[in-house]
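Peer 1: This is the structure, below, for whatever I ask next.
The values are calculated or read from the model by the stated rules, or taken from the named source; none is laboratory data. Being a predicted model, the structure only gives us computed values, none of them experimental. Positions of Cβ are backbone-derived with ideal geometry, glycine not excepted, and every protein chain shown enters the neighbour counts. Areas reflect the complete protein model, heavy atoms only, side chains present, ligands, DNA and RNA absent. Shrake-Rupley method; radii C 1.70, N 1.55, O 1.52, S 1.80 Å.
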Amino acid sequence: FRPGYSTELRLLQAADTVRERCFELLKDKSLVSSPDGETAHDAALVQGMYGLILDWDHRNEEGLEPFKPMVERLTAVKSLDEMTEFLLSEDNYCFGIFPAGVGLSVNSQDSSLYEINISSTGLMAYSDSAEYDKETVSGKRRKEFDDNVFSYMLSRFGIEGEEKQRYMEDAFAFEAGIAPYIKSTLDWASPNAVREAINPVTMEDIASFCDAFPLPEFMEAYGYADSKLINLEEPLWLLAMNELYREESLDMIKAYTLKGMLRGIMNISDEEAFRAYQDYAGQFAGITDNEPDEDIAYETARAYFPYCFDRLYIDRYLSEEMRAEIEKLCRDCIDTYREMLSENEWLSADTIKEAINKLDHMTIHAVYPDKWADDSIYSFASAEEGGSYWKAVKSVMMGSHERTLSRINGVVDKDIWGIDILDTNAYYNAVDNSINIIPGFFCDVSYRSDMSLEEKYGALGTVIGHEISHAFDTKGAQYDAYGNVSNWWTDADYEAFMKRAEKLVRYYDKVVAFDNGIPYRGQLVQTEAIADMAGMKCMLKMAEKEKDFDYEKFFTANAELWARKDTQEAAENAAMFDPHPLHYLRANVCAQQFDEFLDTFEVKEGDGMYLAPEDRIAVW
Ligand SMILES: [Zn+2]
C-alpha cells in the first residue's frame with residue numbers, strides 16, 4: 001500500500017493525475033495575480049489554505065492556546081442553562097458539536113426549493129447506532145479510535161485520572177442513551193427510509209416537541225428558524241433527545257460536547273496533536289505508513305474549496321472535445337435504457353411509460369458545468385499575512401453559514417451541479433435526476449479517448465450505465481422525472497420489482513466474506529448491486545450492435561476497473577458500512593449473470609463462477 005492508504009486499485013491513478021495537476025496549480029504563484037479576478041481569488045484561497053496547513057512553525061507556536069478559553073468555559077459549565085448557553089455560542093458552532101444536525105438541503109417533494117433539514121445526534125464512538133446494542137469487530141476498532149482520540153486530547157488539556165475516566169464514560173453513556181432512537185446503517189439502506197425521512201414540520205411543531213432541548217433556540221440563534229420549509233428526519237429521536245436533555249444528564253451532555261470539540265480541534269492545532277490523530281486513524285484502517293503532509297494539506301485544502309480547484313483545473317487541463325465525447329456516450333447509454341425498458345416483460349405499459357419519461361428528463365452532467373456558485377464570500381489571512389489555520393477554518397465556517405442563510409426560502413439553481421468534479425467518482429443524483437460523469441474519475445483504466453470500444457464499454461461505459469440505473473434502484477425508483485419523491489409505479493409493478501430486489505438481497509445475505517463473524521448484508525448493498533448489473537446489461541446491449549465485438553476485452557476491462565486490495569481492517573469496515581459490494585463481488589457476481597461472460601470464458605455447470613439462469617439475480 002502507498003503511505004496513508006488502506007486500499008490499492010488501479011483507479012487510484014485517477015486521483016494521482018488530479019493530485020499532480022493540482023500541485024502544479026498550488027505552486028503557480030502567477031495565478032494569484034491573474035487579470036481574471038475569479039482566477040486570482042480562487043488561487044489565493046487554495047494556495048493560502050495549503051500554506052496555512054503546512055505552517056507547522058506557527059501552528060506549534062500557538063499550540064492549544066487559542067482553544068483554551070473555550071475548553072475552559074465548557075468544563076466550567078455547572079447547570080443546564082449554562083450548557084445551553086455554551087451550545088448556542090459561536091465557538092461551539094465553529095469548532096464544537098451540537099447534538100442535532102441542522103442544515104440546508106433540497107426539499108424532497110419539490111426539488112426546486114431549499115429546506116432546512118434536521119437530522120439526529122452525531123455519533124462518534126461508533127458510526128452505526130446498531131453497534132451500541134451489539135458491537136462488531138469493526139465497531140470495536142472504531143470505539144478504540146474514539147477513546148484514543150478523546151483520551152489524548154483530555155491529557156493535552158491537563159485532564160487526567162478519575163476526571164478523565166468520568167468524561168470518557170459520560171460521553172459514551174450519552175451516545176448509548178440516544179442511539180436506540182437513531183436509525184442504523186441498515187435502517188437507512190432500506191427502501192422505506194426515503195419516505196420515512198420526510199416529515200415536514202413548522203417551528204411551532206419543533207417548539208412543542210422541545211420543552212427542554214434547545215433546538216428552537218439554536219435554530220433562532222443561527223437564522224434557520226426563518227425557513228418556510230423544515231423537515232425532521234427522525235421525529236422519535238427528537239422526542240427522546242428532549243427527554244434526555246435534563247439537569248440530571250448534564251455531565252453526559254457536557255462530556256459529549258467536550259469530545260466533539262476536542263475532536264474538532266485536534267486536526268487544526270499543533271503538530272503533536274495532528275500526528276497522534278494520524279496514528280490513531282491509521283490503526284483504525286490498518287495503515288502503517290503515514291501519507292506525506294503535502295498530500296494531506298492538498299486534500300484538506302480541496303475539501304474546503306473544491307470549486308476553486310475545479311475552476312483552475314478546467315482552465316488548464318480540460319477541453320470542450322472531451323466534454324462532447326463523454327456527453328455522447330451518456331446519451332447513447334440513455335437511448336439503450338429506453339430500448340431495454342420498451343422490451344421489458346414484467347412491467348405494465350403504464351409504468352414503462354413513466355420510466356421512459358424519467359429517462360427523457362434525465363440531465364447529463366458531463367465533465368464540467370458552465371455555471372458555478374459564487375465563492376467570493378470567502379476570505380482569510382494567509383501565512384504571509386500573519387494568518388492562522390484555525391482562524392481560516394473559522395472564517396470558512398462563517399462564510400458557508402452566510403451562504404446557507406442567503407439560500408433559505410430561495411429557489412435551487414439546478415445549473416449549478418454542487419459536486420466536486422475532481423472526485424474519483426461518478427454519481428446519479430436523485431433530487432435533480434442527473435448523471436454526473438466527472439473528470440476526477442478518468443485514468444488509464446477507466447477512460448482514455450484512445451481506448452478500444454470494448455474497453456470504453458467495459459470500463460467507463462458500465463459506470464455510466466450503473467449511474468443511470470440508480471434512477472431505477474429501490475431508492476431512486478421513488479423519485480420522479482423532476483427529482484421529487486412521488487410514486488409513479490402501479491402497485492402490482494412495484495411489488496414485482498421489490499420481489500426481484502428481494503431475491504438479490506437474499507443472495508448477498510448468504511455471502512460469507514470473512515471468517516470472524518462480520519456479516520454480509522444484502523440490504524446494505526442492494527442499490528449498488530442492482531446498478532452494477534443494470535449497467536453491464538446496458539453495455540452488453542450496446543455491444544450487440546457492434547460487429548466482431550471482443551467480449552474478452554470487455555469483461556477484462558471491467559474486472560481491471562474493480563480489481564482491488566484492501567487491508568483486512570478496511571475490507572471489514574467496508575462490509576459494515578459501504579453500500580457498494582466488496583470489489584471481488586462487484587466483478588464476479590455481476591459478470592456471472594450474463595451468458596456473454598459464461599460463453600466467452602467457457603464457464604460450465606459445476607464451475608465456481610457458474611450461475612444457473614433460474615438463480616440469477618439481475619433486477620433489470
Ligand atoms: Zn452507485
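Peer 1: Identify the single condition in (1) more than 30 Å from Phe145 (Cα to Cα); (2) within 15 Å of the ligand (Cβ to nearest atom) that His583 does not satisfy, given that it satisfies every other one.
Peer 2: (1)
Peer 1: Determine whether Arg323 is modelled with pLDDT under 95 and not polar (S, T, N, Q).
Peer 2: Working: modelled with pLDDT under 95: yes; not polar (S, T, N, Q): yes.
For Arg323, the condition - modelled with pLDDT under 95 and not polar (S, T, N, Q) - is met.
Peer 1: Within the range 216-243, track down each residue that is open to solvent by 30 Å² or more (accessible area, probe 1.4 Å), aliphatic (A, V, I, L, M) and farther than 22 Å from Glu402 by Cβ.
Peer 2: Of everything in the range 216-243, those that are open to solvent by 30 Å² or more (accessible area, probe 1.4 Å), aliphatic (A, V, I, L, M) and farther than 22 Å from Glu402 by Cβ turn out to be Leu236, Leu239.
Peer 1: Let me ask you something else. Quick check: is even one residue across the range 95-110 open to solvent by 40 Å² or more (accessible area, probe 1.4 Å) and among the hydroxyl-bearing types (Ser, Thr, Tyr)?
Peer 2: No, the range 95-110 contains no residue that is open to solvent by 40 Å² or more (accessible area, probe 1.4 Å) and among the hydroxyl-bearing types (Ser, Thr, Tyr).
Peer 1: Tell me which of these Ile287 doesn't satisfy, since it passes every other one: (1) surrounded by 15 or more Cβ atoms within 10 Å (Cβ to Cβ); (2) closer than 28 Å to Tyr167 by Cα; (3) not assigned by TED's automatic domain parsing to the domain that holds Phe86.
Peer 2: (2)
Peer 1: Continuing with the same structure: Of all residues in the range 139-169, which are open to solvent by less than 40 Å² (accessible area, probe 1.4 Å), over 20 Å from Gln278 (Cβ atoms) and in contact (Cβ under 8 Å) with a residue 40 or more places away in the chain?
Peer 2: Scanning the range 139-169 gives Gly139, Ile159, Tyr167, Met168.
Peer 1: Sticking with this one: Among the residues of the range 103-128, which ones are assigned to a loop (DSSP other than H, G, I, E, B) and polar (S, T, N, Q)? Don't jump to the end; show me each part of the working.
Peer 2: Within the range 103-128, the first condition is being assigned to a loop (DSSP other than H, G, I, E, B), and the residues that meet it are 107-112, 120-128.
If the condition is that a residue be assigned to a loop (DSSP other than H, G, I, E, B) and polar (S, T, N, Q), then Asn107, Ser108, Gln109, Ser111, Ser112, Ser120, Thr121, Ser127 are the ones that fit.
Peer 1: Check off (1) in a helix (DSSP H, G or I); (2) away from the ligand (no atom under 13 Å from the Cβ); (3) open to solvent by less than 10 Å² (accessible area, probe 1.4 Å) for Ala534 and give me the number that stays unchecked.
Peer 2: Checking Ala534 against (1) in a helix (DSSP H, G or I); (2) away from the ligand (no atom under 13 Å from the Cβ); (3) open to solvent by less than 10 Å² (accessible area, probe 1.4 Å), the one that fails is (2).
Peer 1: When you scan the range 448-461, how many residues do you find that are of a type outside the set (Phe, Trp, Tyr) and open to solvent by 10 Å² or more (accessible area, probe 1.4 Å)? Step through it out loud before you land on a result.
Peer 2: We begin by selecting, within the range 448-461, every residue of a type outside the set (Phe, Trp, Tyr); these are 448-456, 458-461.
Add one more test, that the residue is open to solvent by 10 Å² or more (accessible area, probe 1.4 Å), and what stays is 448-456.
Of the residues in the range 448-461, 9 are of a type outside the set (Phe, Trp, Tyr) and open to solvent by 10 Å² or more (accessible area, probe 1.4 Å).
Peer 1: Within the range 299-312, can one find any residue that is basic (Lys, Arg), open to solvent by less than 30 Å² (accessible area, probe 1.4 Å) and more than 30 Å from Leu460 (Cβ to Cβ)?
Peer 2: Taking every residue of the range 299-312 in turn, none turns out to be basic (Lys, Arg), open to solvent by less than 30 Å² (accessible area, probe 1.4 Å) and more than 30 Å from Leu460 (Cβ to Cβ).
Peer 1: Taking interchain pairs and intrachain pairs at least six residues apart, which have beta carbon atoms under 7 angstrom, with the first residue in the range 571-587 and of a type in the set (Lys, Arg) and the second within 11 Å of the ligand (Cβ to nearest atom)?
Peer 2: From residues that are of a type in the set (Lys, Arg), the pairs are Arg586/Asp532; Arg586/His580.
Peer 1: In the range 368-409, what count of residues is obtained for those that are of a type in the set (Gly, Ala, Ser) and not in a loop (DSSP other than H, G, I, E, B)? Outline the logic, then answer.
Peer 2: Taking the range 368-409 as the starting set, the residues that turn out to be of a type in the set (Gly, Ala, Ser) are 373, 376, 379, 381-383, 386-388, 392, 395, 399-400, 406.
Filter once more, so that each one left must be not in a loop (DSSP other than H, G, I, E, B): 392, 395, 399-400, 406.
Of the residues in the range 368-409, 5 are of a type in the set (Gly, Ala, Ser) and not in a loop (DSSP other than H, G, I, E, B).
Peer 1: Moving on. Might you check whether a residue that is polar (S, T, N, Q), at pLDDT 95 or above and away from the ligand (no atom under 16 Å from the Cβ) occurs anywhere in the range 355-374? Before the answer, list the steps.
Peer 2: Narrowing the range 355-374 to residues polar (S, T, N, Q): 357, 363.
From what is left, the residues that are at pLDDT 95 or above are 357, 363.
In the following step, the residues that additionally are away from the ligand (no atom under 16 Å from the Cβ) were identified as 357, 363.
Checked the range 355-374: at least one residue is polar (S, T, N, Q), at pLDDT 95 or above and away from the ligand (no atom under 16 Å from the Cβ).
Peer 1: Under 30 Å from Ser269 (Cα atoms) and touching a strand residue (DSSP E or B) at 6+ places or on another chain (Cβ under 7 Å), is that true of Thr404? Steps first, please.
Peer 2: Details: under 30 Å from Ser269 (Cα atoms): yes; touching a strand residue (DSSP E or B) at 6+ places or on another chain (Cβ under 7 Å): yes.
Yes; evaluated as a whole, the condition is true for this residue.
Peer 1: Follow-up. Inside the range 412-425, can you point out the residues that are within 16 Å of the ligand (Cβ to nearest atom) and crowded, with 19+ Cβ neighbours inside 10 Å?
Peer 2: Matches in the range 412-425: Ile419, Asp423, Thr424.
Peer 1: Further, regarding this structure: Take residues that are outside the structural domain of Ser184 (by TED's automatic domain parsing) and within 16 Å of the ligand (Cβ to nearest atom) and tell me which of the helices (runs of 4 or more DSSP H) falling wholly in the range 436-528 contain 2 or more.
Peer 2: On the way: elements: 453-456, 462-469, 491-509.
So the answer is 462-469, 491-509.
Peer 1: Any chance the range 297-310 includes a residue that's over 30 Å from Gly63 (Cα atoms) and not aromatic (Phe, Trp, Tyr)? So that I can check it myself, show each step before the final result.
Peer 2: Start the filter on the range 297-310 by keeping residues that are over 30 Å from Gly63 (Cα atoms), which leaves 307, 310.
Now drop any that are not not aromatic (Phe, Trp, Tyr), which leaves 310.
Checked against the condition, which is being over 30 Å from Gly63 (Cα atoms) and not aromatic (Phe, Trp, Tyr), the range 297-310 yields at least one hit.
Peer 1: In the range 490-505, what residues are open to solvent by 20 Å² or more (accessible area, probe 1.4 Å) and either out of contact with any helix residue (DSSP H, G or I) (no Cβ under 6 Å at 6 or more places or on another chain) or among the hydrophobic types (A, V, I, L, M, F, W, C) (or both)?
Peer 2: Here is the first cut: in the range 490-505, the ones open to solvent by 20 Å² or more (accessible area, probe 1.4 Å) are 490-492, 494-496, 498-500, 502-503, 505.
If the condition is that a residue be open to solvent by 20 Å² or more (accessible area, probe 1.4 Å) and either out of contact with any helix residue (DSSP H, G or I) (no Cβ under 6 Å at 6 or more places or on another chain) or among the hydrophobic types (A, V, I, L, M, F, W, C) (or both), then Asp491, Ala492, Tyr494, Glu495, Ala496, Met498, Lys499, Arg500, Glu502, Lys503, Val505 are the ones that fit.
Peer 1: Got at least one residue in the range 562-575 being within 15 Å of the ligand (Cβ to nearest atom), open to solvent by less than 60 Å² (accessible area, probe 1.4 Å) and either at pLDDT below 95 or within 26 Å of Tyr520 (Cβ to Cβ) (or both)? If you could, list the steps in order and put the result at the bottom.
Peer 2: Pass one, the range 562-575, residues within 15 Å of the ligand (Cβ to nearest atom): 562, 574.
Applying the additional criterion that residues be open to solvent by less than 60 Å² (accessible area, probe 1.4 Å) yields 562, 574.
In the following step, the residues that additionally are either at pLDDT below 95 or within 26 Å of Tyr520 (Cβ to Cβ) (or both) were identified as 562, 574.
Yes, that holds for at least one residue.
Peer 1: How do the pairs read when you match residues in the range 485-497 that are small (Gly, Ala, Ser) with residues anywhere that are outside any strand (DSSP E or B), using Cβ under 9 Å and keeping only pairs 6 or more apart or on different chains?
Peer 2: Sorted first by the residue in the range 485-497, then by its partner, the pairs are Ser486/Gln109; Ser486/Gln478; Ser486/Asp480; Ala492/Ser348; Ala492/Thr351; Ala496/Trp346; Ala496/Leu347.
Peer 1: Consider Val431 against the criteria (1) hydrophobic (A, V, I, L, M, F, W, C); (2) within 16 Å of the ligand (Cβ to nearest atom); (3) under 20 Å from Glu325 (Cα atoms): it satisfies all of them except one. Which criterion is unmet?
Peer 2: (3)
Peer 1: Please work out which one of (1) under 27 Å from Ser406 (Cα atoms); (2) among the aliphatic types (A, V, I, L, M); (3) open to solvent by less than 20 Å² (accessible area, probe 1.4 Å); (4) more than 26 Å from the chain's Cα centre (by Cα) is the condition Met203 fails and give its number.
Peer 2: (3)
Peer 1: What's the total number of residues in the range 586-608 that are open to solvent by less than 60 Å² (accessible area, probe 1.4 Å) and either within 32 Å of the chain's Cα centre (by Cα) or within 15 Å of the ligand (Cβ to nearest atom) (or both)?
Peer 2: Initial filter on the range 586-608 (open to solvent by less than 60 Å² (accessible area, probe 1.4 Å)): 586-587, 589-594, 596-598, 600, 603.
Checking the rest, the ones that are also either within 32 Å of the chain's Cα centre (by Cα) or within 15 Å of the ligand (Cβ to nearest atom) (or both) come to 586-587, 589-594.
The number of residues fulfilling the criteria is 8.
Peer 1: A follow-up question, please. Quick check on the range 392-411. Is at least one of its residues open to solvent by less than 10 Å² (accessible area, probe 1.4 Å), over 26 Å from Glu544 (Cα atoms) and more than 23 Å from the chain's Cα centre (by Cα)?
Peer 2: yes
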